[in-house]
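Heads up, the thing below is written out as structure tokens.
Nothing in this text is a laboratory measurement; each read-out follows from the coordinates by a stated rule. In this text, all values refer to a predicted model and were calculated from it rather than measured experimentally. Backbone-built Cβ (ideal geometry, glycine too); neighbour counts: all protein chains shown.
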Amino acid sequence: MMSYTSELSGFHKLNKVEKIAKLKEIIDLTNEEINHLNAIDSPVTIENMIGVMPVPIGLATNFLINGQDRLVTIAVEEASVVAAASNAAKIARKHGGFSTTHTDPIMIGQIQLLDVQNPVFSSHKILSKKQEILDLANKQDPILVKFGGGAIDLETRVIGTAAGEMLIIHLLVNCLDAMGANAVNTMVEACAPLLEEITGGQARLRIISNLADRRVVRARAIFDKEMLGGDNIVEAIIDAWAFADADPYRAATHNKGIMNAISAVTLATANDWRAVEAGAHAYAARFGHYGSLTSYEITEDGHLAGTIELPLALGTIGGATKIHPIAQICLKIMNVKNATELAEIIACAGLAQNLAALRALSDEGIQRGHMKLHARNLAGSISGIKSHEIEVVVKTMLSEGVVRADKAEEILANIRK
């Protein structure tokens, strides 16, 4: 087993070439491995950066959203996601595609106040000075206010915790086309001393909440029963969805499938997919039970009516999205003009991905489609393989029911003999 120390004093002061050279000293990287780390540069940098992890970007087709055709960029390593979303979008087109609604892009900044005497009384004092607090918050970002955004309201909550009673202040901020973390965090930091003065308490945490339940997007579509496979498949999808909505063990995998598309489009636009993931899963448990982010019903004509509702804190200005050229290209491909349009596209992609997964589970099973794509990836990874050989290798592996790298190489060797 390789042994080394992780105490690398001054490592952060080195440039990338020097960092990799230092890493080579302790890890014994090969020249080929070093070449991989050096192969791609990034316009976005992080602490102790040594390389870039490239992720394929695919194009999901067939999306018709609010009467407008959209190509959807999806950055993901899972082979089946793009094809599945495209196929579900094609089914939705027959009945008009996807329709969406949304709330304003309101984010919540939280301020935690401790050691507050008479917290209910103090919360009323805070609310009586709401305008003063909002004015102070808005002084922190005059540009956001200039364009119609900024702090718009204030809420108070008294909560009991394992560490005692706390007074929690929610600053509601319209972030417009920004995700909002920087603006909101700056505002709550600025307001904390004033809140301490009003209440006599001590401000501790001052930070944005990723449960963006005031920034919700809803999407809906009718999926044609014949294109799905008939009445039996429609009923099976309803049963599969009901299982997920009732059982958190199933819901975790069900919602993970939704996030396959949502996180992937979020990543393609250099948005914070971890924040979106956290908010979505918290939203799925907002009533005290973790269930499905989607809902399905059968129409009078026997078609499948699907809906999705979730918070999406996204930005098209600021942060990595603004400076990353690939993110800008992806926004251009999707013809996105603002953060709301991006959220609408992402919600539709999540609904499409979920429908595709439920259909596969209700019909042939999820593994069959996965294994076909896995077989193609395995065959394509063999050095020097020709395109016509890939087709034969894939077909043979699937027919024999053995999809492994060694089997792919064995089949290729037999073909060439």
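A few notes on this one:
- For region 261-266, the Karplus equation 6.51 cos²θ - 1.76 cosθ + 1.60, evaluated at θ = phi - 60°, returns couplings of 8, 4, 5, 5, 6, 4 Hz by residue, with Gly and Pro reported as x.
- Most mobile listed residue (208, 390, 258) in the chain, GNM with C-alpha springs under 10 Å: 390
- Model label points for residue 61 and residue 145, set 7 angstrom from Cα along the Cα-to-Cβ axis, are 5.0 nm apart.
- Partners of residue 90 within straight-line reach, counting lysines whose Cα lies under 28 Å from its Cα and excluding those fewer than 8 residues away in the same chain: 225, 256, 332, 337, 372, 395.
- Take the Cα of residue 39, step 7 Å toward its Cβ, do the same at residue 103, and the gap between the two points is 4.4 nm.
- Helix 339-362 and the longest principal axis of the Cα set of the chain meet at an angle near 50°.
- Each label point was placed 7 Å from the Cα along the Cα-to-Cβ direction; for residue 333 and residue 135 their separation is 4.9 nm.
- Helix axis angle, 405-416 relative to the chain longest principal axis, alpha carbon, degrees: 30 degrees
- Residues in region 116-136 that a label on residue 202 would reach, taking backbone N under 13 Å of a point 7 Å out along Cα→Cβ: 116-117
- Using the Karplus relation 6.51 cos²θ - 1.76 cosθ + 1.60 with θ = phi - 60°, the per-residue 3J(HN,Hα) values for region 243-260 come to 4, 5, 5, 9, 10, x, 5, 6, 4, 4, 6, 4, 6, 4, x, 4, 5, 3 Hz, with x marking Gly and Pro.
- On Cα atoms only, tilt of 366-380 relative to the major axis of the chain in degrees: 70 degrees
- All other residues whose Cβ lies under 14 angstrom from that of residue 320 are scored, Lys and Arg at +1 and Asp and Glu at -1, for a net of +1.
- Helix-derived mean residue ellipticity, 222 nm - over the chain, DSSP H n ≥ 4, -39500 (n - 2.57), to 500: -15500 deg cm²/dmol
- Ranked list, fewest to most other Cβ atoms within 10 Å of each Cβ, for 13, 407: 13, 407
- Residue-span extension gain [residue 93 to residue 7] - 0.36 nm each, minus C-alpha spacing: 25.3 nm
- Residue 392/residue 78 FRET efficiency (R0 30 Å; Cβ-Cβ; nearest 0.05): 0.75
- Gain upon complete extension [residue 14, residue 249; 0.36 nm per residue less C-alpha separation]: 80.0 nm
- Under 20 Å from a label point set 7 Å out along the Cα-to-Cβ vector of residue 295, the amide N atoms of region 203-219 belong to 212-219.
- Residues listed by number, region 248-280, amide nitrogen under 16 Å from residue 27 label point at 7 Å toward C-beta: none
- The chain - percent relative contact order, Cα under 8 Å, separation 6 or more: 18 percent
- For the peptides 142-150, 177-185, residues were scored by their other Cβ atoms within 10 Å and the scores averaged per peptide; the highest-first order is 177-185, 142-150.
- Alpha carbon centroid spacing (whole Å) that separates region 87-157 from region 332-359: 23 Å
- Value of relative contact order over region 1-154, rounded to a whole percent, pairs C-alpha under 8 Å and six or more apart: 13 percent
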